[in-house]
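Below you'll find the structure, written out as structure tokens, and then a few comments.
The values are calculated or read from the model by the stated rules, or taken from the named source; none is laboratory data. Treat the numbers as computed from the prediction; the structure is a model and nothing was measured. Cβ placement follows ideal geometry from the backbone for every residue including glycine, while neighbour counts extend to all protein chains displayed.
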Amino acid sequence: MNVAQLLDDATARIAAALGLEKREARLEARVLASHTWGVDAAWLIAHDTDALSDSQIAAFQSLLSQRLQGRPIAYLVGMREFYGRPFQVSPDVLIPRPDTELLVELALARLPPDQPMDVLDLGTGSGCIAITLALERPLARVTAVDRSATALTIAQRNADNLNAHVEFLISDWFAAFAGRRFDLIVGNPPYIAQTDPHLARGDVRFEPMTALAAGHDGLDDLRRLIPAACAHLNPGGSLLLEHGYDQAEAVQPLLRMNRIQPTQSWADLAGILRVSGGKLSK
Ligand code: GLN
């Protein structure tokens, strides 16, 4: 079997098993092949009639069979790009999503490049938000918490790989902070309702449930962390939180009750209100 035949066969099987468009399935087949054989996309094109050895085929098939069972491509290759940079991922952390780049953009708009602001990222996971902010705003003092030690190991590794300075702390939301205050607090907490059928489909089945689900309406963590976040903001400091597609209406009053005034919600690229927040009134 040559490279082109193997990729054609894999494309058809991925498309059928996961219900993907052929174009998307082909891209996945190429990503798996590049990763397995340590080659780039150009190599795959230049070598499409090369015969493959049994061990090359076997290594590819083993990754492919995991993908056919639904395991996310990011976990199979151990990497996902976020805000133009590569982040290592494992099943201990949520896979960074393009939706979350909205949160990053909003945060950057509140961080003047020439001022040393204190920033906190809640539930950092892979570290993608905290690390991106630290790299985009070198003067910012960025702290990030997670209650998972394994997640923090990955976040620290990502910070090291990307040369970012972030202080990582193990903490269940604000448990590790007595009296410390920040100019900007951001977070992408779990916000999916436990009973949401979407938790049983696609990539999320393989992601850490503790990073996704939050009680019967998905708001358990947001209800807990909003008052705590407001108690850890400097006067005039900003809070920005990602939430579910239908939660802006529930999150805004929670923010107002805690002196975030006025509150605002922002839409992601799909037009869905995805982040809410505002400034702590003085
Ligand atoms: N946006 C993610 C999803 O819908 C959920 C991320 C989260 O719960 N923080 O899969």
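When ALA164, ALA159, ALA149, ALA144 are checked against the criterion of being out of contact with any helix residue (DSSP H, G or I) (no Cβ under 6 Å at 6 or more places or on another chain) and not polar (S, T, N, Q), ALA149 stands alone in meeting it.
Here LEU135 meets each of (1) part of a helix (DSSP H, G or I); (2) within 17 Å of the chain's Cα centre (by Cα); (3) farther than 22 Å from GLU105 by Cβ with one exception, condition (3).
Scanning the range 213-266 for residues that are among the hydroxyl-bearing types (Ser, Thr, Tyr) and in contact with a helix residue (DSSP H, G or I) (Cβ under 7 Å, 6 or more places away or on another chain) yields THR263, SER265. Being at negative phi and modelled with pLDDT of 95 or more holds for only one residue in PHE177, PHE182, and it is PHE182. Kindly state which helices (runs of 4 or more DSSP H) lie completely within the range 19-117 and contain at least 3 residues that are surrounded by 15 or more Cβ atoms within 10 Å (Cβ to Cβ), more than 16 Å from the ligand (Cβ to nearest atom) and small (Gly, Ala, Ser). Those helices (runs of 4 or more DSSP H) span 22-37.
If only residues of the range 145-194 that are in a helix (DSSP H, G or I) and surrounded by 21 or more Cβ atoms within 10 Å (Cβ to Cβ) are counted, the one that is nearest to the ligand (Cβ to nearest atom) is ALA151. Within the range 206-238, the residues that satisfy the criterion of being under 18 Å from the mean Cα position of the chain (by Cα) and of a type outside the set (Asp, Glu) are PHE206, PRO208, MET209, THR210, ALA211, LEU212, ALA213, ALA214, GLY218, LEU222. The criterion of at least 2 residues that are within 15 Å of the ligand (Cβ to nearest atom) and touching a Phe, Trp or Tyr at 6+ places or on another chain (Cβ under 8 Å) is met by the following strands (runs of 3 or more DSSP E) wholly inside the range 211-281: 273-280.
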